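What follows is a single structure, written as structure tokens, with notes after it.
The values are calculated or read from the model by the stated rules, or taken from the named source; none is laboratory data. These numbers were taken from a predicted model, which means no experiment stands behind them. A quick note on method: Cβ atoms are made from the backbone with ideal geometry, for glycine too, and the neighbour counts reach across all protein chains shown.
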Amino acid sequence: MNQDPTPAPVRHADTPPIGTLTLARGLDVLRAIADGATTLNEVSAATGIGKSTAHRLVQLLNQRGFLRSSHGTDFSLGPALIELGFHALYQSPVPVIAKPILEELARKYQDTVHLAVEDESQVLYVDKVPGTRGAQMRSRIGLRMPLSRTGIGKALLLDTPERWEETFDRESPVEQSTSLSKDDFLKRMASYANAGTALDLEDNEPGIRCVAAPIRDGSGKIIAAISISATSPYMPKERMKALTSVMSQTALQISRKLGYSGHTFGS
């Protein structure tokens, strides 16, 4: 059965402030193209903007380097957004502070290391240091993933048990990749919160397991998380158990550089 490739219309809860409608529409166009729209018809359908207006916006965004296009179609995000993206990434202190620590972690343990934050109720990967074992993972910088299905997402949720059930329900069943039940998820989360680290037992990607830990700021609030991931043959239960201490201490090291003065997370 063929699937309609046209993205769902962009929806916003808030009405743009007076005088900013054109800007809001331009941002909607960028989001639509980021989500997969490649033609004027798809942009118009995804945003609800008329074709003539969408065409003018696409032309301007293309002229300013925010979009690329070939013969007026095949739209994609442009180099100006790449530049701004890197500026945004490194204006946050977390990736800058964490980078050398994550690189050393990946070198020492030979596995892929991730850094992520929560954004729009999703995991947003902001750094990835590949391991040396050759394992291919779908994660990449800028990718969004479900909170309840990733180890790093569970780590981001450790302090907010009131959100666990709602998050599971919202991401189920569309974003479920395993048969993990809600009861099992909630039991696991309670255990992870007590330990101060979280696991991905192939919940998100078959054959991939990870150990994750939260990063805290000076107030003690979780603001990011790190994980170490490998294929299941390299992540038996015994090794995952040993890595929980490693990840907890690594997250604490980064947190201390951000002003956190507490002790090791978990029991």
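Computed values, structure above
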item	result
D127 being modelled with pLDDT of 90 or more, in contact with a Gly (Cβ under 6 Å, 6 or more places away or on another chain), of a type in the set (D, E, K, R) and assigned to a strand (DSSP E or B)	no
Near pairs, Cβ below 6 angstrom, 6+ apart or cross-chain, from segment 68-89 (farther than 23 Å from D119 by Cβ) to any residue that is hydroxyl-bearing (S, T, Y)	R68/S76; T73/T39; D74/T38; F75/T38; F75/S69
Subset of segment 228-267 that is of a type in the set (V, I, T) and farther than 11 Å from A212 by Cβ - its residue that is surrounded by the fewest Cβ atoms within 10 Å (Cβ to Cβ)	T264
Filter pass, L60 being part of a helix (DSSP H, G or I) and farther than 19 Å from G142 by Cα	yes
Candidates A54, A37, filtered to the one that is among the hydrophobic types (A, V, I, L, M, F, W, C), in a loop (DSSP other than H, G, I, E, B), out of contact with any His (no Cβ under 8 Å at 6 or more places or on another chain) and outside the structural domain of L143 (by TED's automatic domain parsing)	A37
Tally, over segment 18-72, of residues that are under 17 Å from L84 (Cβ atoms), out of contact with any Phe, Trp or Tyr (no Cβ under 8 Å at 6 or more places or on another chain) and among the β-branched types (V, I, T)	1
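Condition check ((1) farther than 17 Å from I152 by Cβ; (2) not in a strand (DSSP E or B)) across all residues:
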position: D200; (1), (2): no, no
position: A212; (1), (2): no, no
position: S219; (1), (2): yes, yes
position: P233; (1), (2): yes, yes
position: S248; (1), (2): no, yes
position: Y260; (1), (2): yes, yes
